[in-house]
Each structure stands twice: as C-alpha cells, then as structure tokens.
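What follows is a single structure, written as structure tokens, with notes after it.
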There are 2 protein chains.
Amino acid sequence: MTDPGSAHGVLRLLLDGQPRTRAELIELTGLARSTVTGRLEELLAAGFVVPSGEAASSGGRPPARFRFNPTARLVLAGDVGATHLTVALADLTGEIVDTVTVAQSIDDGPEAVLTAFAGHARALLSRTGHSTDRLAGTGIGLPGPVEHSTGRPNHPPIMPGWDSYDVVSRITAEFPGPVLVDNDVNIMALGEHTTQYAEVEHLLFVKVATGIGAGVISGGRLHRGAQGAAGDIGHIQAPGHDELCRCGNHGCLEAVASASAIAAQLRTAGLEPRSSLDVVELVRSGNTAATQAVRQAGREIGTVLAACVSLLNPSVIVIGGSLAQAGDCLLAGIRETIYGRSLPLATTELTVAASRTGRQAAVRGAAAMVLQHTLDS
Amino acid sequence: MTDPGSAHGVLRLLLDGQPRTRAELIELTGLARSTVTGRLEELLAAGFVVPSGEAASSGGRPPARFRFNPTARLVLAGDVGATHLTVALADLTGEIVDTVTVAQSIDDGPEAVLTAFAGHARALLSRTGHSTDRLAGTGIGLPGPVEHSTGRPNHPPIMPGWDSYDVVSRITAEFPGPVLVDNDVNIMALGEHTTQYAEVEHLLFVKVATGIGAGVISGGRLHRGAQGAAGDIGHIQAPGHDELCRCGNHGCLEAVASASAIAAQLRTAGLEPRSSLDVVELVRSGNTAATQAVRQAGREIGTVLAACVSLLNPSVIVIGGSLAQAGDCLLAGIRETIYGRSLPLATTELTVAASRTGRQAAVRGAAAMVLQHTLDS
C-alpha cells in the first residue's frame, strides 16, 4: 500500500489540470491541514505544482489556488537497443519535447553506451534551452532482463559487459533526480498502455524484431516477475518445432518466428535479407516468399500467444517491434491462430492490434516509468 | 486507488493485533482527527474493532486504546465442486471455526445447490452457537469462469443451468453482508497465498483434478483477467499432442494430463479407475502403470507451466487438487520439464511445491476474499 499521507495523494488530485484551493485538497484527501500544507510545500519546491490565481473570496483574503504544472520539469528518457540509441526529453505528462536516434552497438559496453546517452541528453537540453536542473528524473530501457529494484542488468544474453552494471550510479553522477531502469519491452508496454490504453486493465505488448519478447500489464500495472524476467515469450516452445535456439534449447519461438529466423529462412531461399528492416522491405515490395514467411511466423507467434490468452485473459494484445511494420500479413497470421486455439470466452472481446506509438513506445514508456515512480514515492 | 480516507486505512493498521490510541492512529495515517474518529465509530459499530483498555496517562483522563477483534464476526465460505460442496465458518483472520463437506452434484443446478449451501451454513451457525447477525459476509467458489464484479457464472462449460445465474441475490436474501463469488481455482490460489505465502508477489496455483486450471497471483493480487477467465491453462496446447478435448479443440493439456485423461488411459490398460481418487489410490498402492501415467502427466503439465514461467516469472508454483495427493511422482514430472524448458534466470529461485492448505485451500480463500473486500471498500 502506498502511504496515504505522501505527496502523491495531493499531486494525483491535481493531475486532471483543475486548480484547487488548500481547503478543497484537505476535503478531497481527508488528510489533516498540516499534512496537506507540508505536501504542497514539497510539490511547490519541486516545481510539480504552481500557484494558479485565487478562488472567489467569501469575505477576507481570497484563498490561493494551486495547479499541476506539466512543463515545469522534464523527464530524460532512453531506449538502448541492440544497434540503436534513442534519447528523448519529455514533459511531466510524457509528451516528447525533443528526441534523437543514433546508431549505437550495445556490444560497446555500458561505459561507452551510457557516455553516449549522457552526451545526447546534454545536447537535447542545450538545443531546447534547458539546464540539467530542470530534470525530474531519468528512465532507461535496456534490451535484456533488468532487476528493476536496483536497475542492474540481470544475466542479459546479448549485452556483453553489462551484467550487474550499476546503471543508476553512472547516470546519477551526471543528472539529478531518480534513475529508473527496465527491460525495453516492459517500457514499450508501459508507453503503449499509458498513452493509448490507459483504461485497460490487462494488456500484452509483444515486440517482434531480431528477438521476440512481451511486456505484461496486469491490473493496470507492469508485471515484472520475481527476477524481472517476465514476458520472455521468445523462449516458449513453439509446438511442432525443434530448431536449435541461441539459448541452448530447441524449438523456442524466437528460433522459429523472429526477424532473424525469417531472414535465415529467406537466405536459404536465395534472398539476401540481413536485418529485420530488409525483411520488412521485401514484404513491402510484394515478395511472395517473404510475405508467406512473415505470415507463417505470425501463426507460430499466435500459437504461443493463445497460451498467454488462456493464462492471462487480456483484453488487448499489441504487436510492436520492427517486424510489425511489415503490415497486415504478420497480424493476420497471429490473429488466425490466437482465435483458433483459444476458448471463445477469452477472445469474444479481445483486441489484437498493431502498436500505435511505434518507435516512440519505448521513450514514452521510460518517461511514464519516472512519472509513476514520482507519484508512488 | 483505494480511498485513503476510508475505514480500511485505520483497520489495516490494527490488523497486526497491536492496540492503539486515537492519537496514534491519527499520527500513523496522517488523517484528520475528525476522519479517524468517524472511521473508528464505523469499525466499532461493525464489531471489527473493540476498545482495549487504556494507555498510560500523561496526566488527566488516560486515552482509550482500540484493537482488531478477529472473533467478533464470522465469514461464511463455500467451495462448490463438480461433485462436492464444502461449507465453512471462518473468523476474521480466515481461520476455519467449523466446516462440513457433503456429496453434491453441480448438475442439480443453482437453486438446489445454493439451497443446500444455505442449509449447511445455518446448521454450522447453530452448532457453533452463532446467529446469522454475526456474519460479516459470504465468499463462494464455483467450478467455472465467474464475472467477479457481478458474481455471475460466465459461460461455464460443466455447470448446466448456472450461466449468468444471480448467485449474489440468492445468498443476500438469506445472509447479511457482502457476497463475493469467484472461480474455485482463483480462491484456492488466494487461500494458499494468504495463509502460506503472504509475502510472495508472484505465485501460480495449479489445480490438477478432473480438470486442470490455475490461479494467478500477480503483484500480491489475484489476476482475474478481462472476463474472469484467466488461469485457464487446461486448454493450452500440450506440444506434440492431438487428443480431442471436450472444448472441441485438439491436444489441450486437460485432454492429456488431467485425472480424467489418466483414468481413461489406465482403463485401456485393463485397470478400472472411475475418479481421480481411484487414480491416487492406484499410485499409493504401488501400481506401476498408474505411477508411470501420473509422472508422464506431470511432464506434460510441466511443459505448459514452463511457458507460464517464461511469461510470468513467478517465484512460487503450488500444485494442488485431488491428483496432487498422488504424491511425489506428479511433482517430479512437473519439475523435470519446467526446469528443462525454462531459462535459468527464471528458475534459479523458483519453488515448485505441493499445496500445504490441501482441501481447505478453497474455503480459506473464500474467507480471504471477503476480508480483502471489507478492507478495500
């Protein structure tokens, strides 16, 4: 349970943009006058709340009103991919103020990648005319399991040099405010959920790219699991398959239906895709083999997602990641087997849709993670 | 968000059994004096809290202290199975005061079953010397999907006559307090979680009996899903299988590894088990075919649970239901494939254990559901 006396109780009430007097905040929270006064002072000092004129007087000095101030502070958001780095500045509602994406290999290790992150962050602050003092906090997504409580990567398979690296200390040394770190698919799920499906209780965000992973929203909150490894659906067995996976097991979904797996299949058919974007390009150009391969990959993904539907009964499944840009053939394959393999009750009102936030999902989610932390602490 | 000014904020503080003064409750909640006084009056009137002597005086009249009163009220709990009915009275901590189990077919329909439930409840109240006025509420588990918000069964496959039946109105007509209804596996998960693993955030309770189902605890709360159909793992496809299931699909886990499926296999081998208890009896008597069949069923269940582990990364999986009484051969099969098919990170600290609450899991969970509702409302 969050502390009912903490600042967030007062701030949550003001998030709707409506200015309120101290007396109104006391009545709405049920908190003592001294408590509300203390919380307001904290929020005013932090810049989250500003005075907003005066209410009508009922005789005597008219009472001051206070409102949420979404642009007073900025959130720094980072999306570290296997081969790219996106850095963004967002306001306190999560709207992106400015952003940059550059090529950056995760293999360069944490020092090089986070130094690049800090450099791009300073450049964004500079070109938007802000100083680091304006930052309320930093959110970063990494392409592997993260122990969310400490912000340390937890045995990530594709991130040499990152295992247990103290990302939080490295960033805290350069920027003020809390630093939150999470798995990239988790923050994509958070970004899609907060911006597009805020009222949805149960949502699954599936990233189909070089690898395959999912972010689980349960009861409106991110479900990270005991070791921060939840959503690792790329290593669920695809029924009827035996392909060797890089994890050492056989028949994993990722070894069958990821962009890498499709690219490998197409190369044996004489085509030459090197990346997921090449596969997307082939589909867009109307190549039949590529279109069939992506649709079949969709079917395999749908079979695994049918199991996820039986277990979690979500109301929305969002398909994102670079292969989602291949368009309807992936989604059609996924829908085909989800609906074929699930009980009718669980799919009657199920929506299976392509991501609407697209490439911004991760940085929007990183910003949302910092805002939630601020509200909860 | 629950209302920080509601009665539960005050009651939660008292659940540890420690008596506290009004001044202490005001300080610990941050609520206004008038708010705490109002909440205490509600709780005293409802009997959840009683005066508990006086604190040391610092001069003047010594302040009164208040404590949680677990035995002041009772919770009525029901576990309606396919062929049995268990009725129990519990105190406000969920401890069972008295209970009875009778043979009762779900096929008799809601009027007959709930009339029997009410009759046994009155008999329990009578023999323990309590009137219905003592009831704080009723919790009931049913063997099918339930729309938890309304308490109505939602297209249950094995409950003729129950679809959309208004269980809440039927019980409210006879007993005071709120009536909460849920799927039986959900309340078993709740019972095991609250009594044995209260500190565990992520737990999966698996019932292996005539059918197979699971209850999902995510972030310490029951994950019911959009239609109350979460945990329906009996209809996830068991890789490599094609057996026809009663749901109309092929290769469902329930058609492969449930007690019914095992009994059917053993009958083709010349044995004559009619129920899950007969299968358990055969295993206990050392029958090799039965032991092998149960262990193989465990392996099939473990393969599906490995997918659940990849998706949810729980820290505890509890195996319950009648077939769990067959002992270690089921658990050994389950562990074998969970550990074989999951990523090491997700299983390093995973516990796979037999249910400790056993047959009381459901009624303990039904009682816990009513208590949580009381605390949240």
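With a 10 Å Cβ neighbour count serving as the proxy for reagent exposure, in which order, fewest first, do A:247, B:245 appear?
A:247, B:245
In terms of the Cα gyration tensor, with a ≥ b ≥ c the square roots of its eigenvalues, is region A:284-377 rounded because a/c is under 1.5, prolate because a/b exceeds b/c, or oblate?
Judged from the Cα gyration tensor, region A:284-377 comes out oblate (a/c at least 1.5, b/c at or above a/b).
How far is helix A:33-46 tilted off the main Cα axis of chain A, in degrees rounded to 10, range 0 to 90?
So the inclination is approximately 60 degrees.
Find out how many positive minus negative residues lie around residue A:161, taking Lys and Arg as positive, Asp and Glu as negative, among other residues whose Cβ is under 11 Å from that of residue A:161.
Here the count lands on -4.
How would you rank B:138, A:172, going from fewest to most other Cβ atoms within 10 Å of each one's own Cβ?
Neighbour counts put them in this order, fewest first: A:172, B:138.
Helix B:109-127 against the longest principal axis of chain B: what's the angle in degrees, Cα atoms only, rounded to the nearest 10?
It is inclined by approximately 50 degrees.
Can you check what the Kirkwood hydrodynamic radius comes to for region A:90-210, Cα pairs only, in Å to one decimal?
For region A:90-210, inverting the mean 1/r across all distinct Cα pairs yields 15.6 Å.
Give the distance, in whole Å, between the Cα centre of region A:178-207 and the Cα centre of region A:310-377.
9 Å
Where a ≥ b ≥ c are the square roots of the eigenvalues of the C-alpha gyration tensor, would you call region B:7-68 rounded, which needs a/c under 1.5, or, failing that, prolate if a/b is larger than b/c, or oblate?
It comes out prolate by the Cα gyration axes.
Evaluate the Kirkwood expression for the hydrodynamic radius of region A:198-356, namely the inverse of the mean inverse distance over all pairs of different C-alpha atoms, and round to one decimal in Å.
Evaluated over region A:198-356, this radius sits at 15.7 Å.
Only Cα pairs within less than 10 Å get springs; with that Gaussian network setup on chain A, which residue of A:139, A:220, A:151 has the largest fluctuation?
With Cα springs under 10 Å in chain A, the top fluctuation among A:139, A:220, A:151 is at A:220.
So what is the relative contact order of region A:7-68, in percent, for Cα pairs below 8 Å that sit 6 or more residues apart?
About 42 percent, as a whole number.
So for region A:1-138, taking the charge dipole from beta-carbon charges (+1 Lys/Arg, -1 Asp/Glu), which of A:124, A:50, A:71 sits furthest toward the positive end?
A:50
Order of B:232, B:91, A:242 from fewest to most other C-beta atoms within 10 Å?
A:242, B:91, B:232
Report, to the nearest 10°, how far helix A:328-341 tilts away from the longest principal axis of the Cα atoms in chain A, using its own Cα long axis and a range of 0 to 90°.
For helix A:328-341, the angle is close to 90 degrees.
Just add up the charged neighbours of residue B:280: K/R +1, D/E -1, any other residue whose Cβ is under 15 Å from the Cβ of residue B:280.
Within the 15 Å Cβ shell, the charges total +1.
Of the residues B:285, B:260, B:322, which exhibits the maximal mean-square fluctuation in a Gaussian network model of chain B defined by a 10 Å Cα contact cut-off?
Among B:285, B:260, B:322, the largest mean-square fluctuation in the Gaussian network model of chain B belongs to B:285.
Could you pull out every residue, at least 5 positions away or on a different chain, whose amide H is within less than 5 Å of the one on residue B:162? Hs are placed 1.01 Å off N in the peptide plane, and Pro or chain starts have none.
Residues meeting the amide H criterion: none.
Helix-only estimate, please: 222 nm mean residue ellipticity of chain A, summing -39500 (n - 2.57) across DSSP H runs of length 4 or more and dividing by its residues, to the nearest 500.
Result for chain A: -12000 deg cm²/dmol, rounded to the nearest 500.
Which of B:231, B:17, B:94 moves the most in a Gaussian network model of chain B with Cα springs under 10 Å?
B:17
Looking only at chain B, where both bridge partners belong to it, what percent of the DSSP beta bridges are antiparallel (to the nearest 5)?
60 percent
Treating only the Cβ atoms of Lys and Arg (+1) and Asp and Glu (-1) as charged, compute the dipole magnitude of region A:244-377 about its Cα centre; round to the nearest 20 debye.
That gives a dipole near 120 debye.
In terms of the Cα gyration tensor, with a ≥ b ≥ c the square roots of its eigenvalues, is chain A rounded because a/c is under 1.5, prolate because a/b exceeds b/c, or oblate?
Prolate, since a/c reaches 1.5 and a/b exceeds b/c.
In whole Hz and in residue order, list the ³J(HN,Hα) couplings for region B:286-298 that follow from phi through the Karplus curve 6.51 cos²θ - 1.76 cosθ + 1.60, θ = phi - 60°; x for Gly and Pro.
x, 5, 5, 4, 5, 4, 5, 5, 5, 5, 5, 4, x
Karplus couplings for region A:175-184 from phi (6.51 cos²θ - 1.76 cosθ + 1.60, θ = phi - 60°), rounded to Hz, Gly and Pro as x?
Ordered by residue, 3J(HN,Hα) equals 10, x, x, x, 10, 10, 10, 8, 4, 4 Hz.
Apply the Karplus curve 6.51 cos²θ - 1.76 cosθ + 1.60, θ = phi - 60°, to the phi angles in region A:89-102 and return the couplings in whole Hz, x for Gly and Pro.
10, 10, 7, 6, 8, x, 5, 6, 8, 7, 8, 9, 10, 10
No lab work stands behind these numbers, since they all come straight from the coordinates. Every value quoted in this text rests on a predicted model; they were computed, and no experiment measured them. With ideal geometry, Cβ positions are generated from the backbone for all residues, glycine too; neighbour counts draw on all protein chains shown.
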